[in-house]
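Scroll down for the structure; my scribbles are underneath it.
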2 protein chains.
Amino acid sequence: MWNHTTSSNGVNLGNMDEIRYKAIGIIYSEFTDKANTPIQGPFAKNAKGTVELFTEYAEGLKDIKGFSHLILIYHFHLSDGCSLISKPFLEDNQHGIFSIRHFNRPNPIGLSIVKLENVKGNILQIGDVDILNGTPLLDIKPYVPLFDTKLNAKNGWVGNPHLDMVRGEAGEHGSE
Amino acid sequence: MWNHTTSSNGVNLGNMDEIRYKAIGIIYSEFTDKANTPIQGPFAKNAKGTVELFTEYAEGLKDIKGFSHLILIYHFHLSDGCSLISKPFLEDNQHGIFSIRHFNRPNPIGLSIVKLENVKGNILQIGDVDILNGTPLLDIKPYVPLFDTKLNAKNGWVGNPHLDMVRGEAGEHGSE
């Protein structure tokens, strides 16, 4: 068992069992049932949504309009707890939780790359939304192709069921 | 001022001022000074690092070896607090915090896409590391090109100083 205040390399980690965040806004979407919420944007058929950033953070949106895509980091507020081995969307096989995007993670943090379609004050209109309605927002980061696009990355276990689903049914998003 | 337990749309948000996470591991790197830590992997010249996942989570690494890149989500433990307007690495101009990757965010959550080079038990050897030594790890997600590569994404304000730096000095990483 680890002593979580000192790592095996002797680095002082402070009180890391007490990392506290707060919602900075809410994500709204058409998805009200977590069983039917697509796990990733390419499955979402350009579903629309809205980010309501709490007004006290609106100043932080300066210059965001120039980006076509945003990385949203959010809290899986309906997570059922943690399963280290789990079955992803559309799959029959189980995988380690760090090999999939399932919400039952040790820390229930979600990440989606969405299209930024419009900004009005503290409200963002977004597309390619795969996020449950009412989800608490933790952070917004710009999607920067130079940093975030890895053209030669390998897909791991993610295979034909996923690829066929996206190519066959999600239309234009399959090529992104 | 918002009442953060009920949004303007009347969705019950629960007690969102109390989102608590815990470190699930530690990221080690050669970067010991936050002023000199590259903000993004393409600036890092394939700097090497190690993720020490606490052993109680090691089972969750099943199948991760098939992925060439991972998304690491971590806590900026040396964040100085929040500045809604800030200056990014290599820039003279200020931008909204949600348009940049700076660590002084409302929730100091960091995100990096790193190369996965080797896995031994609960230890991951990683490359393209732009993370401060001793950083608390919150989550690992597989980088899936189908989900995470947006070929036509626009770079926003991110312009020549960044692009020249990467292309001129980071060598092979500039083309990723």
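The values are calculated or read from the model by the stated rules, or taken from the named source; none is laboratory data. Owing to the predicted nature of the structure, the values given are computational and were not obtained by experimental measurement. Quick reminder, even Gly has a Cβ in these numbers, built from the backbone with ideal geometry, and neighbours come from all protein chains shown. Heavy atoms of the whole protein, side chains included, go into the accessibility calculation; ligands, DNA and RNA do not. Shrake-Rupley method; radii C 1.70, N 1.55, O 1.52, S 1.80 Å.
Observations, loosely collected:
- Checked against a 25 Å cut-off, the cross-linked pairs A:K22/B:K115; A:K62/A:K115; A:K65/A:K87; B:K48/B:K141 give Cα-Cα distances beyond that limit for A:K22/B:K115; A:K65/A:K87.
- When A:D80 is represented by a point 7 angstrom out along its Cα-to-C-beta vector, the spacings to that point in the other copies are 4.6 nm, nearest first.
- Between amide H atoms placed 1.01 Å from N, distances below 5 Å from A:S68 occur with B:K154, B:G156, all of them 5 or more places distant or on a separate chain.
- For the stretch A:121-134, 3J(HN,Hα) computed residue by residue from phi via the Karplus equation (6.51, -1.76, 1.60; θ = phi - 60°) reads x, 9, 10, 10, 8, 10, x, 6, 8, 10, 10, 5, 4, x Hz, glycine and proline entered as x.
- Förster radius 25 Å - calculated FRET efficiency between A:D33 and A:Q125, Cβ distance, rounded to 0.05: 0.65
- Summarising the amide proton neighbourhood of A:F76: residues at separation of 5 or more, or on other chains, whose placed amide H is nearer than 5 Å comprise A:I109, A:G110.
- Evaluated at q = 0.16, 0.18 Å⁻¹: base-10 log I(q)/I(0), Debye formula over Cα of the stretch B:86-163: -0.85, -1.04
- ³J(HN,Hα) computed for each position of the stretch A:93-106 - Karplus, 6.51 cos²θ - 1.76 cosθ + 1.60, integer Hz, glycine/proline x: 8, 8, 9, x, 4, 7, 9, 9, 10, 4, 7, 7, 9, x
- Exercise: per-residue mean of other protein chain Cβ atoms within 10 Å, B:19-32: 5
- Projecting the Cα atoms of A:L111, A:S99, A:S68 onto the dipole axis of the stretch A:25-144, where Lys and Arg carry +1 and Asp and Glu carry -1 at the beta carbon, places A:S68 farthest toward the positive end.
- From phi via Karplus (6.51, -1.76, 1.60), per-residue ³J(HN,Hα) for the stretch A:114-119 in Hz, x at Gly/Pro: 10, 7, 9, 9, 6, 10
- Residues whose amide H falls under 5 Å from that of A:V119, counting only those 5 or more places apart or on a different chain, are A:Q125, with hydrogens built in the peptide plane.
- Ranked by the mean number of other Cβ atoms within 10 Å of their residues, highest first, the peptides B:98-105, B:55-62, B:79-86 fall in the order B:98-105, B:55-62, B:79-86.
- Calculated SAXS-style log₁₀ I(q)/I(0) at q = 0.15, 0.18, 0.20, 0.22 Å⁻¹ - the stretch B:25-144, Debye, Cα scatterers: -0.65, -0.91, -1.09, -1.26
- Distance (nanometres) between label positions extended 7 Å along Cα→Cβ at B:E117 and B:K45: 1.5
- A/B buried area, accessible surface, summed, 1.4 Å probe, Å²: 8700
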